Amino acid sequence: MQPGKTSITQLFNAQAQYLIPVFQRGYVWALEKQVAPLWADIEDRALKFIERSAESANVPVHALKPLQKHFLGSVVLTPVTGTFGRVAAFEVIDGQQRTTTLHLLLLAFRHAAMQVNASAVPAMLDSLVRNPGPYTEKTDHFKVWPTQAGRSEMRALDGATDCLSICQQYPVKEGKLRLERPLMIQSYLYLYHACLAFLQGIELGDPVSEESDRTHSDCLIHDIRNKNVIPAVGDAVLLQPHRAEALYMALTDLVQIMTLTLEAEDDPQVIFETLNARGEPLLASDLVRNFVFLDAARRGQDVGSLYETRWRDFDEQRDQHQTVSANRYWREKVRQGRITYPRIDLFFFHYTVLRRGQETKVSHVFQGFKDWWQGESRDIDTELARVVQSSRHFRELISPDGDDYLAEFARLVRVLDVSTLTPAYLALRERYSKTDPELKQAVGDLASYITRRAICGFTTKGYNRIFLRLLTEVVASDTPAESLRSYLLKLSGHSQCWPTDAEFSEAWLSRPVYELLRPGKVSAVLRAVELASRTSRQETTWTPQIETLTVEHVMPQSWQKTTYYTLPDDDQAMIAARKVAVQSFGNLTLLTQPLNSSVSNGPFADRIEGENTVAGKRTKFLESLLLLNAYFQHNTVAKWDDEEISKRGQHLLGKALKIWSRP
C-alpha cells in the first residue's frame, strides 16, 4: 500500500480517470447530510485564505502562522492495467462518494467562475475536469466515470455549458407531473450556487434575514427540489475575481486528501471493511456486494459481466426512455417490527437466515453472510443466480401484485405481521414452482396456522424459533410440503400449536375480535372470506384491496345510545354478552369508507317517519357489491339482534373452516 497526501486540485490534475467499480453502490450523498457540510469545510478554508491575504499586506509573510489545513478524508485506489491509447485509470475501492462530489465541485466552480470577468480560473480548471488527449475510448475524457446508474448524469454535466442547461434537462415539474432530480444533479446545483454565492461574498450558512432562522443553504436546498430554474442566492452580477482565486488556492493548498494506492499483495476487501469514511453509512447489502465481487476479482473472473447479469438490477432501473437511474425500490425503507430497513437489507437478512439455518440479527447480516460464504468453496455465478432467484420470491412476498393465491397469502402475512416465516417461504419457492399443487398446500397450511392463532389470540413470541425449525425441516426434506404439515401438526400448547377446529370455532364465535385485533387484521380476515365466496358463477372474482375497505359494525358499537337495539329490562348479563357479540365476526362486515359513513348508526330495518320511508342499514347494504353483504338480503334476516349475530357468525365460520382448514 502506498499512502500519500494530496489536495483536490492535485488529485484531479493527474491525467487519469477514477473508475467507480460496477459493483459499488451508486451516488447516494444527500444535500443536508454530506454535500452542505463538505462545502462549509471548503468555504471556511477559502475565507481563511482571504483573511491571510489581507493580513499579509501589513505583516511580513514569514511572521504569519501557517494556515491550518482541513482533512477531507481518504480515497483508496487500485491501479488498472493500462492499454495503448487509453488514459491511466484507478478503481476507487473506497471513497467513491467523496471523489465524485469533489469532481462535481470542480465542474460547478468552473461554470461559476466563467461568469467572472477576465479571470484565469476557468482555464486553470479545464485540465481538472476533463482529460485531454486523443484516446481510443471516448469515455476516457471523463475524470470520474461512475457506475451505470450515474453515467447519463455525468455525461450531461460534462457536456453542459452552464447551470441553466442542467436545470432545463432535469426539471422538477413538467406540467402537473412532479419529478425528482437525481442526487448527483442536486449536488452539482448546490455546489454551483454555493460557488456563485462565495464569489459574491455571501456565506450559505448565514440567515437570509435578521427575522428568519432559515439560512441561504436551507433556501437553496428547497429551490433545488422545488423549482425548475434556481435563482441565484444574491446578485450574480457582482462577482469578485479575488474570491475566485482564493477558492482555487484553498482547493490547492488548504484541504488535504489521504490517498491509499493498493499494491498487488494488498487485500481490497479487508481495507474496504475496516476503513472509516465520513460518508453515508454502508448498507449490509453494500458490504455483501463488495465482498462477493472482490472475491470474483481475486479469482480472475469477468466482474463486469457477472455484475451485468447477476446484480445490476439491484442497483439500477430504467424508465420508459431507457434512462438509467438508481433502483429506488430496493433502497426504500420498509418496516419490520418497530424498525425500518432498506428492502435490500431485509432481503439479505432473510436470505442469510435461509442459507445458514441459524438465527441472525439484522445488524449482523454481513458477518453472517460472510461466514456462510466462506464456509465452503462456492461457484460465484451459481450462488449469485440463487440470490437473484430468491430476491424475486422475496419481492412477490413483500410487494404482492395480482390476485393469485401467492399474492393473497403475501397480503395476509403483511397484515398479520409475520415476517419471520420469510426464510421458510423462500425455501419452499426454491423447491416448488408457482403452479405446483404442493406449494399451494404448503402456503395454505402456513396461512391457516398464522390466521387461526391470530383469531384465537395465541402468542407470536415464539415465531422466530418455530419458523427457524420449520425452515430446517423444509430444507432437509424430499417432500417439503408434507414435512411442513407434519411439523405444524406436532406442535403443542397454546404457545406454538396449530389451533384445532374446536378452538378456532370457539374463538370465532365468542371473541370480541374487533377490540382484540387491529381493525386491519379483522378487515383482512373478512376480505379473505369474501374472496373465497366468489366462484365462477359471479361476473368477477376480483375483490377490492384492504386499503379501500373499512370494518362496519352491523349493530353499532354505541347501540345503547340508540332506540333501535334495546334489551328487555336492562339485563346486565345480556348487556355483557351483547358487548362481546357486537365486536365478534357475526356482527362485522366490510364497506367502502363513503358507504360506511352513509350507513352510520341507524337501525337495521327501514322505518316510517311521517309519510316517508327512511332506509335502514339492510336497504343501504344493497349498494354494496360484496357477497358478504348479500347475506343481509335473505328473507329470513328481517331484524338484527343477538340471535341473528350468532346465526351469521356460524354462517361465516363454515366458510372460515374451509379457507383455513387444519388436516
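The values are calculated or read from the model by the stated rules, or taken from the named source; none is laboratory data. Worth saying up front: this structure is predicted, and the values here are computed from it rather than measured. Glycine also receives a Cβ, built like all others from the backbone with ideal geometry; neighbour counts cover every protein chain displayed.
Look at (1) touching a residue at least 12 places away in the same chain (Cβ under 8 Å); (2) closer than 30 Å to I645 by Cβ; (3) over 34 Å from the mean Cα position of the chain (by Cα) and you find that L489 fails only one, number (2). Taking the criterion of being within 12 Å of C497 (Cβ to Cβ) and polar (S, T, N, Q), the only residue of the stretch 449-470 that qualifies is T459.
With respect to the conditions (1) surrounded by 20 or more Cβ atoms within 10 Å (Cβ to Cβ); (2) within 24 Å of R518 (Cβ to Cβ); (3) of a type outside the set (G, A, S), P400 falls short on a single one, namely (1). Among the residues in the stretch 455-464, are any without any contact (Cβ under 8 Å) to a residue 24 or more places away in the chain, out of contact with any helix residue (DSSP H, G or I) (no Cβ under 8 Å at 6 or more places or on another chain) and not assigned by TED's automatic domain parsing to the domain that holds L526? Within the stretch 455-464 (the criterion being without any contact (Cβ under 8 Å) to a residue 24 or more places away in the chain, out of contact with any helix residue (DSSP H, G or I) (no Cβ under 8 Å at 6 or more places or on another chain) and not assigned by TED's automatic domain parsing to the domain that holds L526), the answer is no, since none of the residues qualifies. Selection of the stretch 365-382 for residues being in a helix (DSSP H, G or I) and surrounded by 14 or more Cβ atoms within 10 Å (Cβ to Cβ) yields V365, F366, Q367, G368, F369, K370, D371, W372, W373, I380, D381. Checking each residue in the stretch 125-158 for being surrounded by fewer than 17 Cβ atoms within 10 Å (Cβ to Cβ), part of a helix (DSSP H, G or I) and of a type in the set (V, I, T) picks out only T139. Of all residues in the stretch 159-189, which are outside any helix (DSSP H, G or I), loosely packed, with under 13 Cβ neighbours inside 10 Å and either aliphatic (A, V, I, L, M) or at positive phi (or both)? Scanning the stretch 159-189 gives G175, L177, L179. All conditions but one from (1) touching a His at 6+ places or on another chain (Cβ under 9 Å); (2) part of a helix (DSSP H, G or I); (3) touching a residue at least 24 places away in the same chain (Cβ under 8 Å) apply to P122; the one that does not is (3). Taken over the stretch 203-239, the criterion of being charged (D, E, K, R), modelled with pLDDT under 90 and farther than 23 Å from R110 by Cβ is satisfied by D206, E210, E211, D213, R214.
Here is a yes/no grid of residues against (1) polar (S, T, N, Q); (2) assigned to a strand (DSSP E or B); (3) in the same structural domain as S523 (by TED's automatic domain parsing):
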| residue | (1), (2), (3) |
| --- | --- |
| V580 | no, no, yes |
| T589 | yes, yes, yes |
| N596 | yes, no, yes |
| G602 | no, no, yes |
| K620 | no, no, yes |
| Y631 | no, no, yes |
| N635 | yes, no, yes |
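Out of the residues in the stretch 62-118 that are on the phi > 0 side of the Ramachandran plot and surrounded by fewer than 16 Cβ atoms within 10 Å (Cβ to Cβ), which is modelled with the lowest pLDDT? The selected residue is A118.
When the stretch 11-49 is filtered for residues that are in a helix (DSSP H, G or I), surrounded by fewer than 19 Cβ atoms within 10 Å (Cβ to Cβ) and over 24 Å from the mean Cα position of the chain (by Cα), the ones remaining, listed by number, are N13, P37, A40, D41, D44, L47, K48. Which residue pairs have Cβ atoms under 7 Å apart, sit 6 or more places apart or on different chains, and have a first residue in the stretch 201-219 that is at positive phi and assigned by TED's automatic domain parsing to the domain that holds G234 and a second that is crowded, with 16+ Cβ neighbours inside 10 Å and of a type outside the set (A, V, I, L, M, F, W, C)? Close Cβ pairs satisfying both conditions: G201/R243.
In the condition set (1) within 30 Å of L488 (Cβ to Cβ); (2) surrounded by 12 or more Cβ atoms within 10 Å (Cβ to Cβ), P663 is compliant with all but (2).
Restrict the check to the stretch 418-430 and report whether at least one residue is surrounded by fewer than 22 Cβ atoms within 10 Å (Cβ to Cβ) and closer than 18 Å to R518 by Cβ. Checked against the condition, which is being surrounded by fewer than 22 Cβ atoms within 10 Å (Cβ to Cβ) and closer than 18 Å to R518 by Cβ, the stretch 418-430 yields at least one hit.
Within the stretch 223-263, if we keep just the residues that are surrounded by fewer than 17 Cβ atoms within 10 Å (Cβ to Cβ) and hydroxyl-bearing (S, T, Y), the residue that is nearest to I166 (Cα to Cα) turns out to be T252.
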